[in-house]
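As C-alpha cells, the structure follows; a few thoughts come after it.
Rule-based calculations on the coordinates, nothing more; no lab input. Keep in mind that this is a model prediction, so the values were computed, not measured. Using ideal geometry, Cβ is built from the backbone for each residue, glycine included, and neighbour counts are taken over all protein chains shown.
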Amino acid sequence: MSFQDNYYICTNKIKLWRVYKIEIMKKTLQLYSKILLIVVAVMSTANVFAQSACIDYHKKKCKRQEANSSYGMSQESRSAMFLKGQTSEFRLTIYQGKDYRITICNDEVLGDNIGMAIIDRETGEPLYNNKDFNYVRDFEFTVLMTREIKIIISVPDDSGSTKPQGDFRAKDSTGVGCMGVLIEEMITPKKGF
C-alpha cells in the first residue's frame with residue numbers, strides 16, 4: 001500500500017469517526033430532550049393535581065355560621081394554594097345596602113395566625129385588620145357606601161413574618177396548603193319602624 005492509500009484510509013476513518021461522534025451527540029441530545037420533556041410534564045401534572053386539591057376549598061372547609069341564615073354565598077369567594085410566608089390580595093366591590101361576612105379557613109400546615117386586611121382601594125385607607133382582633137377568622141359588616149376594596153391575606157412563615165408579595169419560594173414542601181376565603185352577603189335587614 002502506498003502512502004497515498006494509507007492517507008485516504010486514515011482520512012476516511014477520521015471522517016467516519018467525526019460522523020459517528022456527531023450521530024452520538026445528536027442521539028444524546030434527543031435523549032436529554034425527551035427526559036427534560038418528561039420531567040416538565042410530570043412537574044406540571046403534579047402542580048395541577050396540587051392546585052386542584054384546593055378548588056372549592058372555601059365551600060368544603062369554611063364553616064358557614066348558621067345554616068338558616070339569610071346570608072348567601074358570593075361568587076367572589078375563592079380558594080388557592082398558599083405557601084408559608086406568602087401574601088396575596090384580590091379586589092372586591094361591596095355594595096351599599098348589603099351586609100357581608102368574610103370567613104377565612106386554611107390547612108393546618110399554614111398555621112393559625114392568618115392575616116386578613118381590608119383596604120379601601122381608592123384611598124388606601126385600612127378598614128379592618130384581624131391582627132388587631134387576635135387573628136379572628138371571620139368579619140361581618142354593613143356597607144354604608146358602595147366602594148372597591150382589596151382583601152389581603154397573609155400567611156406567616158415559620159418565624160412569624162411574611163415575605164414580600166409575589167415571592168413564592170418555600171423552604172420545603174411541607175409549607176404548602178390550601179386557603180379559602182368565603183364571602184357571604186345579604187340585603188341589610190330594615191331596622192326600626
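Side notes on the structure shown:
- Modelled spin-label separation between residue 142 and residue 70, with each label point placed 7 Å from Cα along the Cα-to-Cβ direction: 1.1 nm.
- Once the chain from residue 21 to residue 132 is taken as fully extended at 0.36 nm per residue, the excess over their C-alpha distance is 33.1 nm.
- If R0 is 41 Å, the Cβ-Cβ spacing of residue 191 and residue 113 corresponds to a FRET efficiency of close to 0.70.
- Subset of 60/150; 59/131; 59/150; 34/84 violating a 29 Å alpha-carbon distance limit: 34/84
- DSSP-assigned coil residues among GluC sites (Glu not before Pro) in the stretch 80-162, each with at most 13 further Cβ atoms within 10 Å: 122
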